[in-house]
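Report on one structure; see the data block that follows.
The values are calculated or read from the model by the stated rules, or taken from the named source; none is laboratory data. Keep in mind the model is a prediction, meaning the values are calculated, not measured. Because the Cβ atoms are built from the backbone with ideal geometry, glycine has one as well, and the counts that use them run over all protein chains shown. Accessible surface areas use protein heavy atoms only, side chains included; no ligands, DNA or RNA. Shrake-Rupley method; radii C 1.70, N 1.55, O 1.52, S 1.80 Å.
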Amino acid sequence: MYSRILTLLKIDPETAKKYGPGLGVGLGILFLVLFFYSGGKSDAKYTRVEEEKEKGSTVSFRNFAKDQYDGNGTILWKLKAKEAYLYADEKRYVLYGIDFDQYENGKFKSKLTGEKGEINQLTKLMKLTGNILLRTEEHRTLRAKSLDYNDETKELSSNEEVVIDANGTHIRGVGLRADKDLNKFTILRPSAVTQDGANPLSSSPKQK
């Protein structure tokens, strides 16, 4: 899912001149949110941030929104952020108020929301913090205070408390290792597990 988030955004030179005069007339491609170019058509809207949360950014946008389509005009994903900041020299991007929808074959696949996200193009890592919620079309949900995504391994991880609801099982604990669609996941230190109203941990050996 997130590999599509981690894509390059194309912005025409006029937009670059209007919203980022420091970038110069020659800037035709603005690296804003994403790691790899996915191709297809896109539609994006931007408004300059007046009172910035992040200082020293190359360029910033308020009420950022972008839709990505494939070559046939089929929607791939929709991304919204209340604020977006680009640090061009560091190849780093910061987003506030993230709302990301992913689609496959034009159908909804998953939604990810969070208070803040930071993307590092060099390390190919994305870190989310604050009220994170991931919901898949299979009705699996993940709630977390912080969440990391590695675009090379396609894995999610967290060292803080997480809560997963999947296939009738509710699991709470600290530490997560999972694939991007929550098909396979491990809670490193589970503290509460409920399956069909029962807690299987109560009859299991005590975990260290």
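Points worth noting:
- Candidates are the residues of the range 154-171 that are of a type in the set (S, T, Y) and open to solvent by less than 30 Å² (accessible area, probe 1.4 Å); the one that is modelled with the highest pLDDT is S158.
- Pairs where the first residue, in the range 62-88, is more than 21 Å from N105 (Cα to Cα) and open to solvent by 20 Å² or more (accessible area, probe 1.4 Å) and the second is polar (S, T, N, Q) and in a strand (DSSP E or B), C-beta under 6 Å, 6+ apart: R62/T47; N63/T47
- Residues considered: V174, V193, V94. Of these, the only one that is in a strand (DSSP E or B), open to solvent by less than 70 Å² (accessible area, probe 1.4 Å) and at pLDDT below 90 is V193.
- Residue match in the range 102-109 (condition: open to solvent by less than 70 Å² (accessible area, probe 1.4 Å), in contact with a helix residue (DSSP H, G or I) (Cβ under 7 Å, 6 or more places away or on another chain) and under 23 Å from R62 (Cα atoms)): yes
- Against the criterion of being under 17 Å from the mean Cα position of the chain (by Cα), surrounded by 12 or more Cβ atoms within 10 Å (Cβ to Cβ) and modelled with pLDDT under 80, D151 qualifies.
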